[in-house]
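For reference, the structure is listed below as structure tokens.
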Amino acid sequence: MEFARPAGALALLAVPVIVWLHRARRRAPETVVASLQPWAALVAPAPRRRRVPPSALLALRLAAATAFAFALLDPRSTGVDATLGPERVAVFLDTSSSMAAGVRWNAARAVAAEEIASADGPVSIFTLGPRPRAIAVDELDRGLLARSLDALGPGGTGFHVPDAVALARAVLDGRPARLVVVTDLPSAAAPELAELVIWRVVGEPEDNLAVVGIHGRNVGGRAEVAGRVANFGRAPAEVVVDLELDGAPEAEARIVLQPRSSRDLEWTIGRRIERARIGVRSADGVRDALPDDDEARIDVARPAVPVQVVGESEAFERALRSLEGVSIERAGLGTLRSPGEGGVAVIVGRAPTLLPDGGIVLVPDSPSRPPEPASQGPETAVVRFEGAGLHPLVRGLALAGAAVGRGRLAGPAAAPGTVVALEAGGQTMLQARPIDGGRGRMVELGFVPDRGDLRARAAFPLLVARIVSWVTPPRPPAAVPVGTWVPMPSWPMVLTGPEGRVQLAGYGTDRLDRPGWYALRAAGGDAPAIDFGVNAGDPFESDLAGGEDRTPAAPESRAGSIEWWWWALAFGFAAVLAEGLGARTMPSGGRASPDSGRRAGANGSPGRRGGRGGGRGRSGGRGGQ
Amino acid sequence: MTRTEAKDNAKAKAKATSNAKANEAPTAGVLDTEFLRRLEHLRLLAAQPTNPLGERPGHLRMPAADVVDHRPYSPGDEIRHVDWHALARHDELIVRLGNVTRGADVCLVLDRSPSMALEPSKWRMAIEICAAIGWIAIAGGDRARLCLLDQAAGDSWRGPAQAPRFLERLAGIGPAPTDAGSLLGPTLAAVGREEGRGGLLIVISDLWLDDDLDEAIAALAAPRWEAQLVQILAEAELAPRLSGPVALVDVESGQRLEMVVDEHVLADYQAGLRRRLDEVANACALGGAAHAVVSAESSLEAVVLPLLRRRAHLR
């Protein structure tokens, strides 16, 4: 056993002080008598005062003082605390893209394997990425843990250790565990976690070049592409930046980047393009530790949202055609197909029993049909809302005073999740709701677009655009960082990644940890795929200057040492409590006497004062009567 | 009914009325009213009522309106005491003689030193004895004087109408904060100087005093003074219940005496206490005083008054 604070031994000086105080205070209990005359002549041996008699109170006081001194010494013993059982270990492995630099990933896996091997209890593995994941929980099978480690790879942008720790605590159900973070980030980046986790840093500071940003768009008959390249090295670097459009080299620029600086580059192309790629490479042999972030890709030509129109509504269709990025095709109820990659179906009239995937817009029937009997009266109703504090579909639109033709809602007004967006004349004119448990969205119109004067308002195309946008299934962005969440339609999709890797996806994924081109299409469908680029370049992840902190920030108390100070402290407090109770229940002299009512306390002669006070109080009370 | 009897009846009625008024007056809570009424049937026995003011029938016969005897006229006798009927029958000047009433002077000396207040029962018993004897004296027409042991000068009361004031004064007395001046000798000497006629002296104390008791009692010796020392001792003094090592602290002097108390020590204590009480009794006997030991925990009516009755101080 070792003592972390030897100066605490000075507290042991309290022991002789307590003994001395006991001997000094060890006096015969005082008894106040009316006169010493009858006692003075008596010969009796005086009590021996020099010896401290054994007393339970003295023992408790000495025990408390010794325990407190012991606690101040901060005693520790090495070994496994048997009272806690086998120690759990939770390894948090940094899987961000910076870990792919150099030998960082291999070193991190080695450290994790070392932690697993040294653990004598169950081990849990969590990945540190944009969204922490539990790979193994309370696993004792070392082989399975090793295979789980081997299956992991770096790829992701950023991580948040507190989120991962919260996940671990939730998964481990609050059971104590030794938390080990294996990362290339210095522990100084998260000082608030120093007392919570053991921070094991891998890797050395390294130079790196990266494309940390890309943007592109088609504007009319031309295209614009912009990118940002950065030098995270410690020396100036001459680099070559090349632009590739639709798979063919387009331009190349040779620039000099100062240490730890970035530069924006822009290109304007005289034609529309589909894809763009920007790459950077060193022209003077400067070390580039992370090749993955040397390229960035973007899908410039995003496919139009396919809108199938069933039935006829001249005003609604005219508004649809005014929208950009929407391809309209006519269909019948029998030929209506699922929009696949994320389209919209506009159904005018009666809706089919089986709705297709994707967004649905139900428009009431043609003006020739009579209005609903429940809404007998004028064929039009006037919208009276002011456009503030309403549903996002209609908020801010100048619809007040517009006359809308009364129609018939295709679906039930009280379906789960239904939100009324617009009312006029006491009738629901627009309502929105999810369909099939959130697989898609549906907007139902309660008015006939071809009736009334709403179709003549400038706000009507905006309303239609919002409706189409709201019901359109989510689509991946043109370019995303590795490991971030990519939204997708909620039905089965097939995702084809770089090197031809294919995986099923739906609703979204955050497991795109390899940079490159990805294509998303509906499973079993023949609709065109949506392409998007996944890029590893990131101002945070591409900066490999970290890693200097080689010293594990493991708290001493977690390095296999067992602390005993709080046991000693608890024992000391227990002794104090027992001493307090004992002092209340037994006289200080340790011997009770029938005359204890007149017996003075140890600190003076309260019995004497009490006796006199009692007499005075009694006579005073009588005097007052 | 003779004229003398009629006068006696009138006096008795007046006394009863006065006593009734005294009973109706507040008694300051020292003794309850019922007990005070019973006390009125008691009288203090004084061998020599020396106060010319009082209602005790005296043995001295003087020319008076109340005829108990006759004697020949002497020059100087008042004409109004001449029995003219006898002159008519016997043709001789005869003077009517009657008994001269006297009163007793009762002096109560109360010890209020801290030792008296150490035990509440002790102080209560002292006050009650003082109140009872004083009430009997004042209600019986005698003069009562209350002296504190640490203050020789005292107040006096006479007549049933002043009895409640006596009780009020008594209720206002508290224990002395210190024992300074609580000496019996000087106090009794001062009383002797001020009360030259003598009288009945009642000393109420625990007699844990430092001065010479023989000398103190000699200052007010018989026959002019009829002294009664009432020594009040608490149960803790009569039979202390101590054991083991104790530090005895004198309540008045603060002196400490550490000792180990066992059964032998207690037996020695009892023997020493008996010797002390015998010494006090002998001193009282030599000085012509009576001595009574009263337990502070005893009952005033059941124990103390009968004790005083046996000592011929009450009837």
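From other protein chains only, count the Cβ atoms within 10 Å of every residue's Cβ in B:169-176, then give the mean. Intermediate values should be presented prior to the final figure.
Details: counts 1, 3, 7, 5, 3, 9, 9, 2.
Per residue, the number of nearby Cβ atoms from other chains is 5 on average.
With a 10 Å Cβ neighbour count serving as the proxy for reagent exposure, in which order, fewest first, do A:Ser469, A:Ser96 appear?
By the 10 Å Cβ count, ascending, the order reads A:Ser469, A:Ser96.
Count the net charge of all other residues whose Cβ sits under 9 Å from the Cβ of A:Ser490, scoring Lys and Arg as +1 and Asp and Glu as -1.
On the way: positive: A:Arg439; negative: A:Asp357, A:Asp436.
So the environment of A:Ser490 carries a net charge of -1.
May I ask you to work out the translational diffusion coefficient for the range A:270-353 at 37 °C, viscosity 0.692 mPa s, via Stokes-Einstein with Rh from the Kirkwood sum over Cα pairs, reported in whole µm²/s? Numbers along the way, then the final one.
Working: Rh = 16.7 Å.
Estimated diffusion coefficient is 197 µm²/s.
Mind listing the long-range amide H neighbours of A:Gly506? Cut-off is under 5 Å, sequence gap 5 or more, other chains count too, H placed in the peptide plane at 1.01 Å from N.
Long-range HN contacts for A:Gly506: A:Met493.
Near B:Gly287, within a Cβ-to-Cβ distance under 10 Å, what is the net charge of the other residues, with Lys and Arg +1 and Asp and Glu -1?
Within the 10 Å Cβ shell, the charges total -2.
Kindly put A:Val17, A:Val464 in sequence by how many other C-beta atoms sit within 10 Å of each C-beta, fewest to most. Let's see the in-between values first.
On the way: A:Val17 10, A:Val464 27.
Lowest to highest Cβ neighbour count: A:Val17, A:Val464.
Would you calculate the convex hull of the Cα atoms in the range B:62-169 and tell me its volume per residue in Å³?
Working: hull volume 13.7 nm³, N = 108.
Measuring per residue, one finds 126 Å³ for the Cα hull of the range B:62-169.
Would you mind giving the mean number of other chain beta-carbons within 10 Å of the Cβ of each residue in B:250-257, as a whole number?
Mean inter-chain Cβ contacts per residue within 10 Å come to 6.
Under 5 Å between amide H atoms, partner at least 5 residues away or on a different chain: which partners does B:Val106 have, H built in plane at 1.01 Å?
Those lying under 5 Å, H to H, from B:Val106 are B:Arg143, B:Ala144, B:Arg145, B:Leu200.
As a footprinting exposure proxy, order A:His160, B:His90 by other Cβ within 10 Å, with the fewest listed first.
B:His90, A:His160
If packing is taken as the mean number of other Cβ atoms within 10 Å per residue, what is the order of B:259-267, B:170-178, highest first? Don't jump to the answer; show the numbers that get you there.
Details: B:259-267: 15.3, B:170-178: 18.4.
Answer by packing, highest mean first, reads B:170-178, B:259-267.
Please give the average number of partner chain Cβ atoms lying within 10 Å of the Cβ of each residue in B:262-269, rounded to a whole number. Don't jump to the answer; show the numbers that get you there.
Numbers: counts 2, 0, 3, 5, 1, 1, 6, 5.
Averaged over the peptide's residues, the number is 3.
Where a number appears in this text, it was derived from the coordinates with a stated rule and is not lab data. Given the structure is predicted, the values throughout are model-derived calculations rather than measurements. Cβ sites come from the backbone with ideal geometry, for glycine too, and all protein chains shown count toward neighbours.
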